[in-house]
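Inspection log for the structure reproduced underneath, given as structure tokens.
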There are 2 protein chains.
Amino acid sequence: MHNGTSAKKTGRPRSADADHAILEATRAALVELGWGGLTMGDVATRAGVAKTTLYRRWAGKNELVVDAVAVLFDELELPDRGSLQADIEDVVLQFAALLALPEARTALMAVVAESTHDEALRRRIREAIVDRQKCLVVLGRRRAQERGELPPDGPPLGPHGTDTATQIDLIFDVIAGAVVHRTLVSGEPVDAAWARTFTTLLLGGLAAIR
Amino acid sequence: MHNGTSAKKTGRPRSADADHAILEATRAALVELGWGGLTMGDVATRAGVAKTTLYRRWAGKNELVVDAVAVLFDELELPDRGSLQADIEDVVLQFAALLALPEARTALMAVVAESTHDEALRRRIREAIVDRQKCLVVLGRRRAQERGELPPDGPPLGPHGTDTATQIDLIFDVIAGAVVHRTLVSGEPVDAAWARTFTTLLLGGLAAIR
DNA sequence: GGAGTTACGCTACGACTCGTAGCGAAAGAG
DNA sequence: CTCTTTCGCTACGAGTCGTAGCGTAACTCC
């Protein structure tokens with residue numbers, strides 16, 4: 001959040017209701033107008049607050065949209081379905097459902113695009129969105145190791161072996177990248193059949209890189 | 001292109017030099033200002049043309065940037081390196097090099113974001129960029145079949161078998177998605193080592209989905 | 001070479017958004 | 001009650017948007 005832990009003790013406190021109203025108005029505006037059509041003034045009107053109130057809390061469009069969309073990623077979970085294949089398929093479908101929301105589709109790509117020219121924005125995105133997703137990969141991998149579906153951490157085996165951190169990063173980029181690309185670039189739906197085939201490919205590939 | 005084949009016979013022809021100057025100016029502006037900072041007036045000034053000339057050829061920022069970046073993707077090739085593994089590694093590194101260009105990084109994500117609210121823009125992106133990349137997958141796959149590294153097209157084998165079109169789409173989304181995600185979202189470099197590990201995973205996975 | 005057609009550069013324009021400043025009022029802490 | 005901060009509101013200069021009008025340049029057809 002923009003003012004994380006520092007708590008001013010005196011003076012009138014900032015309205016939490018206004019925060020919620022603004023973030024919700026931002027998502028609504030994204031759905032109707034998209035990234036390019038979204039304006040600060042419009043969001044303020046929708047939220048029923050003054051434009052100056054927005055600028056007191058967020059530096060601009062970029063930061064506002066990141067916060068508005070970040071909460072959507074909090075809903076991602078990794079239920080224990082008994083097998084690694086089922087767990088991955090589940091999280092793939094969850095992520096696809098999230099990308100089916102118009103506000104998420106538009107905002108995600110736009111803020112990533114802006115972040116290529118803004119280091120602070122890049123950090124904000126990483127903390128608010130990316131790292132939360134990566135936790136799911138770490139958790140799913142550990143579960144699979146406890147089940148015996150994946151070997152425990154240790155030195156790589158073959159000549160193509162990879163260490164733990166590299167594996168996690170690779171899995172994360174492949175899953176998130178493939179789902180995003182299919183949804184937003186190819187424009188094809190991520191349904192149960194695709195999730196199943198993709199997961200089969202991923203698990204088959206994992207066996208090859210140890 | 002915006003006026004593809006239809007050729008007016010009479011009147012003063014449009015300046016091809018102006019086209020090149022505008023597209024080059026657009027890329028330069030993307031590098032310096034990013035997507036958000038790029039304005040039509042600035043591009044016109046850089047290119048040495050009038051602002052009205054831009055609007056006579058492109059409807060707006062979105063269409064202009066797609067055309068300006070599309071030519072970068074024409075340089076992608078699939079050299080025959082003798083093995084499927086080497087071919088894929090090569091094209092992965094080529095794609096990564098392209099995404100290392102600031103103008104490509106910024107523009108790609110931005111136009112995809114805008115395309116979520118613009119069907120015409122989506123088609124334009126597909127024709128100018130996506131389809132050209134997908135051809136590489138089709139070509140590489142056919143070569144591998146001729147070498148005997150992949151089985152020829154036919155009905156799927158196992159219970160998880162997939163048909164040809166599904167396989168091609170999947171391979172495409174996994175390759176492009178993973179490279180884009182690692183480069184732009186995770187912010188990690190795609191070097192030879194990563195390309196090797198990723199390709200090993202992909203080929204291992206391909207064996208699992210037939 | 002003249003007539004017709006189209007693109008060009010230039011200027012100007014209203015509409016809109018931006019981000020900031022100043023004001024008086026409201027809401028909490030001490 | 002006083003101090004401090006936020007609130008809504010208004011107004012502002014700066015910048016961008018996309019379009020219109022004008023005279024000129026370039027090319028084709030007769």
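The values are calculated or read from the model by the stated rules, or taken from the named source; none is laboratory data. In this text, all values refer to a predicted model and were calculated from it rather than measured experimentally. Neighbour counts are summed over all protein chains in view; Cβ atoms, including those assigned to glycine, are modelled from backbone coordinates with ideal geometry. We work out accessible area using only protein heavy atoms, side chains counted, and drop any ligands, DNA or RNA first. Shrake-Rupley method; radii C 1.70, N 1.55, O 1.52, S 1.80 Å.
If you go through segment B:74-93, how many residues are surrounded by 19 or more Cβ atoms within 10 Å (Cβ to Cβ) and more than 14 Å from chain A (Cβ to nearest Cβ)?
Of the residues in that region, 2 qualify.
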* Does residue B:190 meet the test of being in contact (Cβ under 8 Å) with a residue 60 or more places away in the chain, touching a helix residue (DSSP H, G or I) at 6+ places or on another chain (Cβ under 9 Å), of a type in the set (A, V, I, L, M) and buried (at least 19 other Cβ atoms within 10 Å of the Cβ)? -> yes
* Which residue, of B:183, B:197, B:162, is in contact with a Leu (Cβ under 9 Å, 6 or more places away or on another chain) and under 17 Å from residue A:180 (Cα atoms)? -> B:183
* Scan segment A:29-41 and give yes if some residue there is modelled with pLDDT of 95 or more, away from DNA strand C (no atom under 14 Å from the Cβ) and under 29 Å from residue A:135 (Cα atoms), otherwise no. => yes
* **Options A:132, A:147, A:142, A:126: the member that is of a type outside the set (S, T, N, Q), open to solvent by 60 Å² or more (accessible area, probe 1.4 Å) and at the interface with chain B (Cβ under 8 Å from one of its Cβ atoms)** => A:126
* Asked: Out of segment B:28-53, which residues are over 24 Å from residue A:110 (Cβ atoms), of a type in the set (Ser, Thr, Tyr) and open to solvent by 50 Å² or more (accessible area, probe 1.4 Å)?
  -> B:45, B:52
* Asked: Got at least one residue in segment A:38-49 being within 14 Å of another protein chain (Cβ to nearest Cβ), β-branched (Val, Ile, Thr) and more than 11 Å from DNA strand D (Cβ to nearest atom)?
  -> no
* Structure fact -> Given (1) buried (at least 20 other Cβ atoms within 10 Å of the Cβ); (2) in the same structural domain as residue A:110 (by TED's automatic domain parsing), residue A:25 misses just (2)
* Scan segment A:105-120 and give yes if some residue there is crowded, with 17+ Cβ neighbours inside 10 Å, away from chain B (no Cβ under 13 Å), within 16 Å of DNA strand D (Cβ to nearest atom) and outside any helix (DSSP H, G or I), otherwise no. => no
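From the list B:201, B:150, B:139, B:206, pick out the single residue that is over 17 Å from the mean Cα position of the chain (by Cα) and touching a residue at least 60 places away in the same chain (Cβ under 8 Å).
B:150
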* For segment A:164-205, enumerate the residues that are within 12 Å of residue A:85 (Cα to Cα) and facing chain B (nearest Cβ under 8 Å). => A:196, A:197, A:198, A:200, A:201, A:202, A:203, A:204
* Starting from residues that are within 14 Å of DNA strand D (Cβ to nearest atom) and surrounded by fewer than 17 Cβ atoms within 10 Å (Cβ to Cβ), keep the ones in segment A:54-73 and report whichever is nearest to the other protein chains (Cβ to nearest Cβ). => A:60
* Structure fact -> Taking segment B:7-22 and keeping only residues that are exposed (fewer than 15 other Cβ atoms within 10 Å of the Cβ) and of a type outside the set (A, V, I, L, M), one is left with B:8, B:9, B:10, B:11, B:12, B:13, B:14, B:15, B:17, B:20
* Residue among A:196, A:143 that is at pLDDT 95 or above and over 20 Å from residue B:205 (Cβ atoms) -> A:143
* Could you tell me which numbered condition residue B:168 fails, if it satisfies all but one of (1) open to solvent by less than 30 Å² (accessible area, probe 1.4 Å); (2) in a helix (DSSP H, G or I); (3) under 30 Å from residue B:207 (Cα atoms); (4) modelled with pLDDT under 95? => (4)
